[in-house]
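The structure under discussion appears below in the form of structure tokens.
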Amino acid sequence: SKGSPGGDGKVALGLSGFSDLLSDHMESKYYPRGHTIYKQGAKGDAIYFINSGTVEVSTKDGFRTKLSQGDLFGEGALLDPNGRRSASITCLTPVHAIRIGRDYFEKYVRSNDELNLRLRERDRFRKRDRAKTILRQQKNMRAFDISEGGVLFEHGDEGDALYIVEEGKLDLKSKGGETVLSIGASDICGLHALLMDKPRNTTAVCASEKCILQEMPASEFFKLYNSSDSIGKSLREVAARRDFLKAIVTLTGKTFKDSHLREAFDAVDLDQSGAINLSKLKELLNVLDPTLSDKVVQNVMEAMDINSVRGDVPEDTVELGR
């Protein structure tokens, strides 16, 4: 349903979620085919809902996708402190869009915790998905496959490559043998060891009849990683969120999907306060790796803190909107 997390990790959000708050401040805009609504890097001054038509979202690093009726775009620049557009938007057909300016967005939306949370998580999901898509588009990767039960890498192995799952499913298992995360088609694995410069913290096992994979050597991965601040930030967030999930599964014995961050958070939020401070987060992550530095724990906190715009939340606290 609109306004609730989708099963695939996407955060569903439609115009109906805004109409009650902003009905007097919505502006109808009509754009011809081929029109560029805004360009990457421009200052963002509005959010848009597509009432009819199709637009292309494109970035300078080669990412492309389409949005159509019912989709929204432009929220990222209004949520990001630098306020810059992270992509260009071009009309592939004539487009009728509903525009909401920054002033009213700031006044009504940022003060609505639930709506603000959904927008922030939607924006982060899009950027993480964009980074994964760009990784999948890279050349010079080695294709190979492994059979069910085959091991891709083991706990403690050196992290010398990133892997992209083309077909099949990989189970990531803890040192004790529990499945802490499952990786499906079009997803990536092996980030932790590369970004942390540490040995693998899980064993990856093919959990389907066959797993078809692409291998990206560390040298090629870091060329791309260092080429874009946005890609780097999104990939660090993917790794950090997964480490949080791995730690919770190791501690509780329960399995959570990468997209079900709220459910995983609640599993360790025993006092139901909706918040975990830095020391508690470090204690949790030490279950996974007792050698993690304070900087790594801080990175996980930043990746988790999707409600950080609230002024009443202490700086050393992670809080998810309820």
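The values are calculated or read from the model by the stated rules, or taken from the named source; none is laboratory data. What you see is a predicted model; the values in this text were computed from it and never measured. We place every Cβ from the backbone using ideal geometry, glycine too, and count neighbours over all the protein chains shown. These accessible areas exclude ligands, DNA and RNA; they are computed on the full protein's heavy atoms, side chains included. Shrake-Rupley method; radii C 1.70, N 1.55, O 1.52, S 1.80 Å.
A crude spin-label estimate for the pair THR65 and THR93, with each label 7 Å from Cα along the Cβ direction, gives 1.9 nm. Accessible area per residue for segment 60-146, computed on protein heavy atoms with a 1.4 Å probe, is 47 Å². Close amide H pairs (under 5 Å, H built 1.01 Å from N) link PHE153 with ALA204, residues at least 5 positions away or on another chain. Computed from backbone phi with θ = phi - 60° and the Karplus coefficients 6.51, -1.76 and 1.60, the 3J(HN,Hα) list for segment 55-71 is 10, 9, 9, 9, 10, 5, 8, x, 6, 9, 7, 10, 10, 9, 3, x, 7 Hz; x is used for glycine and proline. Extending 7 Å from Cα along the Cβ direction at THR252 and again at SER52 yields two label points whose distance is 4.7 nm.
Using the Karplus relation 6.51 cos²θ - 1.76 cosθ + 1.60 with θ = phi - 60°, the per-residue 3J(HN,Hα) values for segment 39-52 come to 10, 4, x, 6, 6, x, 10, 6, 10, 10, 10, 8, 8, 7 Hz, with x marking Gly and Pro. Each Lys and Arg adds +1 at its Cβ and each Asp and Glu adds -1 at its Cβ; summed about the Cα centre, segment 121-248 shows a dipole of about 600 debye. Kirkwood radius, segment 33-97, all distinct C-alpha pairs, inverse of mean reciprocal distance: 11.7 Å. Compared with the direct C-alpha span, the chain from GLU283 to GLN298 gains 4.2 nm at full extension, assuming 0.36 nm per residue. What the Kirkwood sum gives for segment 134-265 is a hydrodynamic radius of 14.9 Å, with every pair of different alpha carbons counted.
Cross-link pairs exceeding 27 Å between alpha carbons, from the set LYS39/LYS66; LYS139/LYS175; LYS60/LYS233: LYS139/LYS175. 3J(HN,Hα) couplings calculated from phi for segment 150-164 with the Karplus curve 6.51 cos²θ - 1.76 cosθ + 1.60 (θ = phi - 60°) are, in sequence order, x, 9, 7, 8, 10, 3, x, 5, 5, x, 10, 7, 9, 10, 10 Hz; Gly and Pro show x. Modelled this way, with points 7 Å down the Cα-to-C-beta line, the labels at SER182 and LYS29 are 4.2 nm from one another.
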